[in-house]
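Shown next, in C-alpha cells, is the structure this report addresses.
The values are calculated or read from the model by the stated rules, or taken from the named source; none is laboratory data. Since the structure is predicted, the reported quantities are computational estimates derived from the model, not experimental observations. Cβ: placed from backbone, ideal geometry, glycine included. Neighbour counts: every protein chain shown.
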Amino acid sequence: MGTVTIGVSIAVPEPHGSLLQERRAGFGDRAAHGIPTHVTLIPPTEVDGATVPAIEKHLAEVAAQGRAFPMRLAGTGTFRPLSPVVYVRVAEGGSACTWLQQELRDPEGPVARELQFPYHPHVTVAHGIDEAAMDRAYAELAEYEAAWTCHGFALYEQGADAVWRRLRDFPFGPLTVPPQATHPASQGTPSRR
C-alpha cells in the first residue's frame with residue numbers, strides 16, 4: 001500500500017477558516033489554498049498506509065474521552081527566528097489542545113512521534129515567505145479575534161498535489177450510540193372500550 005502523509009487537526013470553522021486562508025494567500029503564502037485553516041494536533045507524519053485503520057481506531061478512542069470546549073483566537077505571534085512562521089494565537093482552549101495532542105501521540109499508540117519543537121497550539125497565517133510579508137501578517141492580524149466551541153478533530157491526508165484533504169471527523173464523546181427512542185407505533189395503541 002505504501003506510505004501516506006497524515007495530520008490531525010482541529011478545523012477552524014466558517015467563516016473564520018476561509019477568511020484566514022484568504023489572508024494567508026494574500027500575504028503571499030503559496031501553500032495557503034492547499035492547507036485548510038487549523039490548529040495542529042499531530043503535525044505531518046509519514047505512516048504505512050496499512051496502519052491507517054489502527055490510527056483511526058486510536059483517534060476514535062481519544063475523541064471518546066474528550067468533551068467540547070471553548071476555543072478563542074486573539075492576536076498574533078511568531079516563531080521567528082527559530083522558524084519562519086507568523087500565527088494567530090490560541091487565547092482559550094490551548095490546554096485542551098495540549099492534552100489532546102499528548103493523548104494522540106501516546107508512545108504506546110499507533111502514531112507515536114517526537115516533535116521537532118515543543119507543542120504550542122496556534123493557527124499559521126504565514127510560513128516561509130519574505131520578512132516584509134511576515135511583518136505585514138503579524139501587524140494586520142494583531143487585532144483579529146474569533147471564538148467557537150470545539151466539538152472534535154479530524155484526520156487529514158496530504159495528496160501528491162500537496163493539498164491536505166479531510167478523511168474523517170472524530171467528534172468528542174462516548175463511542176457508544178445512545179439507545180434509540182422507541183417509535184410510537186411500536187408502543188401499541190390504547191385500547192378503546
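Listed here are the residues, each with its yes/no results for (1) at pLDDT 95 or above; (2) hydrophobic (A, V, I, L, M, F, W, C); (3) in contact with a Phe, Trp or Tyr (Cβ under 9 Å, 6 or more places away or on another chain).
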position	(1), (2), (3)
Gly26	yes, no, no
His38	yes, no, yes
Met71	yes, yes, yes
Val86	yes, yes, yes
Ala91	yes, yes, no
Gly94	yes, no, no
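Could you identify the single residue in Ala142, Ala137, Ala146 that is under 17 Å from the mean Cα position of the chain (by Cα), among the hydrophobic types (A, V, I, L, M, F, W, C), closer than 26 Å to Arg80 by Cβ and at pLDDT 95 or above? Break it down stepwise before answering.
On the way: Ala142 fails: under 17 Å from the mean Cα position of the chain (by Cα); Ala137 fails: under 17 Å from the mean Cα position of the chain (by Cα).
Answer to the check: Ala146.
Could you please let me know if Ala142 is exposed (fewer than 15 other Cβ atoms within 10 Å of the Cβ), touching a Ser or Thr at 6+ places or on another chain (Cβ under 7 Å) and of a type in the set (A, V, I, L, M, F, W, C)?
Values: exposed (fewer than 15 other Cβ atoms within 10 Å of the Cβ): yes; touching a Ser or Thr at 6+ places or on another chain (Cβ under 7 Å): yes; of a type in the set (A, V, I, L, M, F, W, C): yes.
Spelling it out, Ala142 is indeed exposed (fewer than 15 other Cβ atoms within 10 Å of the Cβ), touching a Ser or Thr at 6+ places or on another chain (Cβ under 7 Å) and of a type in the set (A, V, I, L, M, F, W, C).
Being exposed (fewer than 15 other Cβ atoms within 10 Å of the Cβ) and in a helix (DSSP H, G or I) is the filter here, so list the residues in segment 118-134 that pass it.
Glu131, Ala132
Can you tell me which residue within segment 150-166, out of those that are over 12 Å from the mean Cα position of the chain (by Cα) and among the hydrophobic types (A, V, I, L, M, F, W, C), is modelled with the highest pLDDT?
The residue in question is Val163.
Is it fair to say Phe153 is in a strand (DSSP E or B), closer than 30 Å to Ala50 by Cα and not polar (S, T, N, Q)? Reasoning before the result, please.
On the way: in a strand (DSSP E or B): yes; closer than 30 Å to Ala50 by Cα: yes; not polar (S, T, N, Q): yes.
So Phe153 fits the description; yes.
Take Gly77 and tell me if it is in contact with a strand residue (DSSP E or B) (Cβ under 6 Å, 6 or more places away or on another chain), at pLDDT 90 or above, surrounded by 12 or more Cβ atoms within 10 Å (Cβ to Cβ) and closer than 30 Å to Thr3 by Cβ.
Working: in contact with a strand residue (DSSP E or B) (Cβ under 6 Å, 6 or more places away or on another chain): yes; at pLDDT 90 or above: yes; surrounded by 12 or more Cβ atoms within 10 Å (Cβ to Cβ): yes; closer than 30 Å to Thr3 by Cβ: no.
It is false that Gly77 is in contact with a strand residue (DSSP E or B) (Cβ under 6 Å, 6 or more places away or on another chain), at pLDDT 90 or above, surrounded by 12 or more Cβ atoms within 10 Å (Cβ to Cβ) and closer than 30 Å to Thr3 by Cβ.
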